[in-house]
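Engineer: Below you will find the structure I want to go over with you.
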Amino acid sequence: MDLSWTVTLLLTVIISAFIYSTWNSIYRRHNLPPGPTPLPIVGNVLHIKRGEMVKSLMEFKEKYGSVYTVYFGHNPIVVLCGYNTVKEALIDRAEEFSGRGRLPTIDQSIKGYGLVFSNGNRWKDLRRFSLSTLRNFGMGKKSIEERIQEEAHFLIEEIKSQKEQFIDPTSFLIQSVSNVICSIVFGNRFEYTNASFQKLLTLFSMVFQDMSSIPGQLLEMLPSIMKYVPGRHKRIIESLQKLNDFIMERVKMNKESFDPDSPRDFIDSFLIKQQQEGNNPNFDNENMLMTLQNMFFAGTETVSSTLRHSLMIIMRYPEIQAKMHEEIIQVIGENRIPNIEDRSKMPYMDAVIHEIQRFVDILPLNLPHATIRDVNFKGYTIPKGTDVFPLLCSVLRDPTKITRPDTFDPNNFLDNKGCFRKNDAFMPFSAGKRICAGEGLARMQLFIFLTVILQNFTLIPEREFTDKDINPVMTGFANVPKFYRMSFKPRI
Ligand code: HEM
């Protein structure tokens, strides 16, 4: 054997040994739950069907059980499936699983600031402050319910002005939902004709769609590679920056007319908090900007997408639409604007809204969690800081809790006397310490907006919808509704 052959052979052995030992030390070092065998560099990315992250993760459950590990690159992610397992982690062991995991599609813009993506004391401080402010402490005289009712009135006028034409309802639904958040965060709403506000709102949809797209999913799994690859995922950061510019402008406006004795909105409440807390970095300007962005973003696309799904489902079932209207007329009548107390007297409406949220499953993967210390869970050891995906889709469609999980049926939330019945599998807002901070606000909006729309209009589809139309397309981060057109026929 000549020298060059010997050198080549030696090099091959050394490189193979290096790859094997790196692979072994990266992927096999912990007593993590089992899962598909990862490859060097890309981990399990090739096991995820193109553009079908949710479906692939649900399929792994069949093979590896309710707790398993997948690798995005060399980053392990522990996936939790089914009601019992998700409950055990998020509710019974809430503190240990309360960390926020990585979301590479937007981490670069957020940098760990703000309520949604922070951890530790920063998160605790921002969550306590945000929840108490949203509960109406320190936000002026108008209650959140009044702000929603005011917007519901504008929404009805806007729909009437469309004069029964077949239209895509997206833009005015997103505007009305966003106006509620704007009224809370910035102290005012925007006209439906305001073109620059409309443009800003298209950014929300774009970010949601880009995050759920194939390049968005690849960025989620292989951030260190995808950051060098061109594609629509690159727009996400640009869109978020435009939102930040808008918010910073609003903060500047608030500062100019700020009176600590009479706070008008969430921004004023934050400015007061900054004064009270002195040098506490958890309330600095970066955390203020990101918390405002979180509210604005989290509160707009989720609720408006749910409303868009809702109208389509209600039109798919004319008998459900008729029953909802009958209950509205019995409890509220034709003219009075609905209020939140009506909900307890309207079990059918309540059950339909719960079933819509279960069925449409707006955030099927949940937001990523992380362990805040080493955790022993079901015989495995999950090291501190490991990303955890508690899959909401696996809870909302858990066959042990819902008899026919893939069928839309309000009876999942009604007993045999027609009274509202809770179901443990209802977890669209997640559960435990990180449960959605806007749950109360979102549920109030869904109830008041849907009730007022059905009180005033009969919903008519441009074409008949099928079961396939109403079933959410489980792709990635968010279940974005399909495009459709419809007409609103005034009832009076
Ligand atoms: C239908 C509407 C909504 C749905 C389905 C929804 C769902 C969720 C989910 C699944 C999470 C992740 C929870 C977790 O990490 O375990 C979340 C977090 C959050 N949501 Fe919502 N959400 C909705 C509306 C809203 C609204 C209107 C707001 C506005 C204030 C909001 C603000 C937040 C915030 C601030 C968090 C982060 C909480 C934290 O990390 O402590 N959401 N939401």
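The values are calculated or read from the model by the stated rules, or taken from the named source; none is laboratory data. Source: prediction; values computed, not measured. Glycine gets a Cβ as well: all are built from the backbone with ideal geometry, and neighbour counts include every protein chain shown. All accessible areas refer to the heavy atoms of the entire protein, side chains included, with ligands and DNA or RNA removed. Shrake-Rupley method; radii C 1.70, N 1.55, O 1.52, S 1.80 Å.
Engineer: Please work out if Glu319 is in a helix (DSSP H, G or I), buried (at least 19 other Cβ atoms within 10 Å of the Cβ), more than 15 Å from the ligand (Cβ to nearest atom) and of a type in the set (Asp, Glu).
Structural biologist: Taking the combined requirement at face value, the residue does not satisfy it.
Yes/no per residue for (1) within 13 Å of the ligand (Cβ to nearest atom); (2) hydroxyl-bearing (Ser, Thr, Tyr); (3) out of contact with any Gly (no Cβ under 9 Å at 6 or more places or on another chain); (4) modelled with pLDDT of 95 or more:
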position	(1), (2), (3), (4)
Asn366	yes, no, yes, yes
Thr381	no, yes, yes, yes
Gly385	no, no, no, yes
Leu391	yes, no, no, yes
Val395	yes, no, no, yes
Asp398	no, no, no, yes
Ile402	no, no, yes, yes
Thr407	no, yes, yes, yes
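Engineer: Same structure again: Among the numbered criteria (1) of a type outside the set (D, E, K, R); (2) over 19 Å from the mean Cα position of the chain (by Cα); (3) surrounded by fewer than 19 Cβ atoms within 10 Å (Cβ to Cβ); (4) closer than 19 Å to Glu301 by Cα, which one does Ile247 miss?
Structural biologist: In the conditions (1) of a type outside the set (D, E, K, R); (2) over 19 Å from the mean Cα position of the chain (by Cα); (3) surrounded by fewer than 19 Cβ atoms within 10 Å (Cβ to Cβ); (4) closer than 19 Å to Glu301 by Cα, Ile247 misses (3) alone.
Engineer: Separate question: Please work out if Ile356 is open to solvent by less than 60 Å² (accessible area, probe 1.4 Å), of a type outside the set (Ser, Thr, Tyr), part of a helix (DSSP H, G or I) and in the same structural domain as Pro338 (by TED's automatic domain parsing).
Structural biologist: yes
Engineer: Turning to a different aspect of this structure: Between Ser196, Ser239, Ser224, which is closer than 26 Å to Pro169 by Cα, assigned to a helix (DSSP H, G or I) and open to solvent by 60 Å² or more (accessible area, probe 1.4 Å)?
Structural biologist: Details: Ser239 fails: open to solvent by 60 Å² or more (accessible area, probe 1.4 Å); Ser224 fails: closer than 26 Å to Pro169 by Cα.
Selected residue: Ser196, the only one of Ser196, Ser239, Ser224 that is closer than 26 Å to Pro169 by Cα, assigned to a helix (DSSP H, G or I) and open to solvent by 60 Å² or more (accessible area, probe 1.4 Å).
Engineer: Only one residue in Ser98, Ser109 is under 21 Å from the mean Cα position of the chain (by Cα) and over 30 Å from Asp424 (Cα atoms). Which one?
Structural biologist: Numbers: Ser98 fails: over 30 Å from Asp424 (Cα atoms).
Sole residue among the options that is under 21 Å from the mean Cα position of the chain (by Cα) and over 30 Å from Asp424 (Cα atoms): Ser109.
Engineer: Hey, another quick one. Being free of Cβ contacts under 8 Å to residues at least 40 places away in the same chain and open to solvent by 20 Å² or more (accessible area, probe 1.4 Å) narrows it down to one of Tyr68, Tyr83, Tyr113, Tyr64, so name that one. Write out each step before concluding.
Structural biologist: Numbers: Tyr68 fails: open to solvent by 20 Å² or more (accessible area, probe 1.4 Å); Tyr83 fails: free of Cβ contacts under 8 Å to residues at least 40 places away in the same chain; Tyr113 fails: free of Cβ contacts under 8 Å to residues at least 40 places away in the same chain.
Exactly one of Tyr68, Tyr83, Tyr113, Tyr64 is free of Cβ contacts under 8 Å to residues at least 40 places away in the same chain and open to solvent by 20 Å² or more (accessible area, probe 1.4 Å), namely Tyr64.
Engineer: Let me ask something else. Please enumerate the residues belonging to the range 363-372 that are over 13 Å from Val395 (Cα atoms) and within 21 Å of the chain's Cα centre (by Cα). Even if it seems obvious, please write down each step before you answer.
Structural biologist: Kept after step one, since they are over 13 Å from Val395 (Cα atoms), are these residues of the range 363-372: 367-372.
Leu367, Pro368, His369, Ala370, Thr371, listed by residue number.
Engineer: Follow-up question, since we're still on this one. Could you please tell me which pairs satisfy a Cβ distance under 7 Å, a separation of 6+ or placement on different chains, a first residue in the range 287-306 that is free of Cβ contacts under 8 Å to residues at least 60 places away in the same chain and more than 8 Å from the ligand (Cβ to nearest atom), and a second residue that is open to solvent by less than 10 Å² (accessible area, probe 1.4 Å) and in a helix (DSSP H, G or I)?
Structural biologist: Met288/Phe270
Engineer: Within the range 93-121, track down each residue that is of a type outside the set (Ser, Thr, Tyr) and within 11 Å of the ligand (Cβ to nearest atom).
Structural biologist: The first filter runs over the range 93-121 and keeps only residues of a type outside the set (Ser, Thr, Tyr), leaving 93-97, 99-104, 106-108, 110-112, 114-117, 119-121.
Within the range 93-121, Ala94, Phe97, Gly99, Arg100, Gly101, Leu103, Gly114, Leu115, Val116, Phe117, Asn119 meet the criteria.
Engineer: Let me ask another. Does Arg232 qualify as being closer than 23 Å to Met295 by Cβ and either of a type in the set (Lys, Arg) or free of Cβ contacts under 8 Å to residues at least 60 places away in the same chain (or both)? Steps first, answer last, please.
Structural biologist: Details: closer than 23 Å to Met295 by Cβ: no; either of a type in the set (Lys, Arg) or free of Cβ contacts under 8 Å to residues at least 60 places away in the same chain (or both): yes.
For Arg232, the condition - closer than 23 Å to Met295 by Cβ and either of a type in the set (Lys, Arg) or free of Cβ contacts under 8 Å to residues at least 60 places away in the same chain (or both) - is not met.
Engineer: Report every pair of residues separated by at least 6 positions or lying on different chains whose Cβ atoms are under 9 Å apart, first residue within the range 431-447 and assigned by TED's automatic domain parsing to the domain that holds Ser305 and of a type in the set (D, E, K, R), second part of a helix (DSSP H, G or I) and within 6 Å of the ligand (Cβ to nearest atom).
Structural biologist: So the pair list comes out as Lys433/Arg127; Arg434/Arg127.
Engineer: Is there a residue being buried (at least 17 other Cβ atoms within 10 Å of the Cβ), acidic (Asp, Glu) and out of contact with any Ser or Thr (no Cβ under 9 Å at 6 or more places or on another chain) anywhere in the range 388-407?
Structural biologist: Looking through the range 388-407, at least one residue is buried (at least 17 other Cβ atoms within 10 Å of the Cβ), acidic (Asp, Glu) and out of contact with any Ser or Thr (no Cβ under 9 Å at 6 or more places or on another chain).
Engineer: Just give me the residues in the range 252-270 being among the aliphatic types (A, V, I, L, M) and crowded, with 19+ Cβ neighbours inside 10 Å, in sequence order.
Structural biologist: Step one: of the range 252-270, the residues among the aliphatic types (A, V, I, L, M) are 253, 267.
Listed by number, the list holds a single entry, Ile267.
Engineer: Give all pairs with beta carbons closer than 6 Å in which a residue from the range 158-169 that is surrounded by 14 or more Cβ atoms within 10 Å (Cβ to Cβ) meets a residue that is in a helix (DSSP H, G or I); count only pairs at least 6 apart in sequence or on separate chains.
Structural biologist: Glu158/Phe172
Engineer: Examine the range 75-92 for a residue that is touching a Gly at 6+ places or on another chain (Cβ under 6 Å) and modelled with pLDDT of 95 or more, and state whether such a residue exists.
Structural biologist: Looking for residues that are touching a Gly at 6+ places or on another chain (Cβ under 6 Å) and modelled with pLDDT of 95 or more, one finds at least one in the range 75-92, hence yes.
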